[in-house]
Structure formats: C-alpha cells, structure tokens
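Since the structure comes first, as structure tokens, the remarks are kept for the end.
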Amino acid sequence: MANIVTNIPLTYREPDGDLISPIKGKPTEVSDNVATELKNAGMAEDDAKLDSALDAFIEGSTENLVSNATIVRDKACAYSMKSLKTVYLPECTETGSEVFSQCTTLVSVKMPKCKKLGYQNFLGCENLKFVDMSATNFADTSPFSSAISLDTLVLRCESVPYWADGNFSLFGSTKFYKGSGGGTLYVPESLVNRYKTANMWKTYFGDGDARTKGDANNKILPIEGSEYEL
C-alpha cells in the first residue's frame with residue numbers, strides 16, 4: 001500500500017474525558033500522541049520516516065488509512081484528504097459529522113463496529129463503492145449524499161435500523177436508487193425478510209409492488225456465507 005498511515009488516533013480521550021484531535025492548532029502542529037502511535041506501529045523507525053508519515057497525513061497525500069480510534073471527530077478527513085482511497089477503522093463505534101466529506105478519491109470504508117453515524121459522513125464521495133458498518137439509526141443523517149458510485153453496503157447491526165419515514169435521501173444519490181443500476185445490501189441472515197417488509201427499507205429491497213424507490217436490480221443477501229463474514 002502506498003503512503004499508508006497506520007494507527008493514527010483520529011480522536012482520543014484525555015484523562016479528564018475531553019476529546020482531543022491529533023491535529024491541533026496550525027495544520028503543521030501534530031500532537032506527540034500521533035508520533036507515539038506511528039512509532040508503535042513501526043511506521044517511524046527513525047525521525048525521517050516519522051516526519052514523512054506525518055507530512056503525508058497533514059498534506060492529504062495518505063492513500064490508505066488505518067486507525068484503532070474508537071471515536072472519529074467531525075470532518076476528521078474532510079476536504080483535505082485528496083488522495084485517500086481506503087479506510088479501515090476496526091474499533092470505531094461512533095463518528096462525527098462530515099468525517100469524509102469531499103474525499104472524492106475514497107473507494108472503501110470499513111468500520112464494522114460503528115453504530116452511531118454522524119451527519120453526511122460521505123458527502124460528495126463520488127467514487128465511494130463500499131461501506132461496512134453497524135449503524136442503528138438513519139433518522140436524519142443522509143450519510144451518502146452524492147455518493148453516486150455506492151453499490152455495496154454491509155450492515156452488521158442486530159436489528160433493522162430505524163429509517164425516518166419519507167427520508168428518501170438515504171439512498172437517493174447511490175446505485176440503489178431507482179434507475180441507477182442497482183446495489184447489494186448485506187445483513188444478518190435472520191433479518192433479511194424483516195428488511196424486505198420494514199418501513200422505508202421495503203421501498204428499496206421489498207418484493208413486488210413494495211419496491212417503489214429502489215432499483216429493480218437491488219439485492220439483499222445474508223452476511224453469513226459471503227466474503228464479508230467475520
């Protein structure tokens with residue numbers, strides 16, 4: 001992987017409980033915590049490599065981002081990460097708003113434990129094709145606005161997520177929308193039929209006349225037995 005920055009704590013907690021961003025003050029000022037994380041990850045065997053890795057993150061040239069952060073702050077990668085292609089956040093449970101907004105090169109985001117998704121996380125991510133998460137509520141998030149390439153979504157939550165009635169903007173710009181080519185939703189096998197009949201979800205993944213907004217090529221498949229089974 002080119003320009004990979006590993007284990008940057010996009011947000012971490014101080015002993016007093018305050019959330020701290022790894023980048024504070026001016027864009028070139030980076031906390032010691034980030035440097036420590038990079039060294040522990042083997043990304044900074046010497047000061048030159050450390051400086052190079054930090055510069056890649058600050059300047060937005062990072063292509064592949066891996067972090068053990070549990071919470072990701074608002075706009076953590078938005079606007080400046082112009083080369084970002086893949087993101088893996090295995091421990092993330094919550095994101096702020098517009099985390100990846102306008103990351104136009106972003107293709108894949110894996111955050112399988114993320115249950116709380118902020119507002120418009122993927123706004124303008126026109127090349128985003130794949131998202132893996134466990135979001136439990138789509139009341140007013142519109143996470144995929146302008147994510148016109150999104151065609152694969154993995155939802156690992158143990159119940160059908162709440163989706164606000166009439167909020168067709170959830171899939172309105174994606175491949176899942178009617179006439180856009182179709183996409184595939186992977187969910188726990190025990191919930192497949194519930195998605196097909198649940199309010200709003202059925203308009204994209206229901207059978208027969210129930211599917212009114214979704215593309216006819218949309219599929220809903222079980223995670224179990226697929227390449228996404230953990």
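Can you confirm whether residue 99 is part of a loop (DSSP other than H, G, I, E, B), in contact (Cβ under 8 Å) with a residue 24 or more places away in the chain and of a type in the set (Val, Ile, Thr)? Spelling it out, residue 99 is indeed part of a loop (DSSP other than H, G, I, E, B), in contact (Cβ under 8 Å) with a residue 24 or more places away in the chain and of a type in the set (Val, Ile, Thr).
Collect the residues in the stretch 63-96 that are assigned to a loop (DSSP other than H, G, I, E, B) and closer than 19 Å to residue 157 by Cβ, keeping them in residue-number order. 70, 89, 90, 91, 92, 93, listed by residue number.
In the set 94, 98, only one residue is modelled with pLDDT under 90 and either touching a strand residue (DSSP E or B) at 6+ places or on another chain (Cβ under 6 Å) or not acidic (Asp, Glu) (or both); that residue is 94. Put simply, of 185, 221 the only residue that is part of a strand (DSSP E or B), touching a Ser or Thr at 6+ places or on another chain (Cβ under 9 Å), closer than 19 Å to residue 164 by Cβ and free of Cβ contacts under 8 Å to residues at least 40 places away in the same chain is 185. Of a type in the set (Val, Ile, Thr) and under 13 Å from the mean Cα position of the chain (by Cα): does that describe residue 131? Yes, satisfied. Tally up the residues in the stretch 156-168 that are surrounded by fewer than 20 Cβ atoms within 10 Å (Cβ to Cβ) and in a strand (DSSP E or B), please. Counting residues in the stretch 156-168 that are surrounded by fewer than 20 Cβ atoms within 10 Å (Cβ to Cβ) and in a strand (DSSP E or B) gives 1. Within the stretch 48-62, restricting attention to residues that are assigned to a loop (DSSP other than H, G, I, E, B) and touching a Ser or Thr at 6+ places or on another chain (Cβ under 6 Å), the residue that is modelled with the highest pLDDT is 61. For the stretch 118-155, filtered to residues that are touching a Gly at 6+ places or on another chain (Cβ under 9 Å) and not in a loop (DSSP other than H, G, I, E, B), the residue that is surrounded by the fewest Cβ atoms within 10 Å (Cβ to Cβ) is 152.
Condition check: of a type outside the set (Val, Ile, Thr), touching a helix residue (DSSP H, G or I) at 6+ places or on another chain (Cβ under 6 Å), more than 30 Å from residue 68 (Cα to Cα) and without any contact (Cβ under 8 Å) to a residue 40 or more places away in the chain. Does residue 178 satisfy that? For residue 178, the condition - of a type outside the set (Val, Ile, Thr), touching a helix residue (DSSP H, G or I) at 6+ places or on another chain (Cβ under 6 Å), more than 30 Å from residue 68 (Cα to Cα) and without any contact (Cβ under 8 Å) to a residue 40 or more places away in the chain - is not met.
Filtering 171, 205 for residues that are touching a residue at least 40 places away in the same chain (Cβ under 8 Å), of a type outside the set (Asp, Glu) and either buried (at least 18 other Cβ atoms within 10 Å of the Cβ) or closer than 21 Å to residue 125 by Cβ (or both) leaves a single hit, 171.
The values are calculated or read from the model by the stated rules, or taken from the named source; none is laboratory data. Here the structure is a predicted model, which means the values were calculated and not measured. Please note: Cβ atoms are built from the backbone with ideal geometry, for glycine as well, and neighbour counts cover all protein chains shown.
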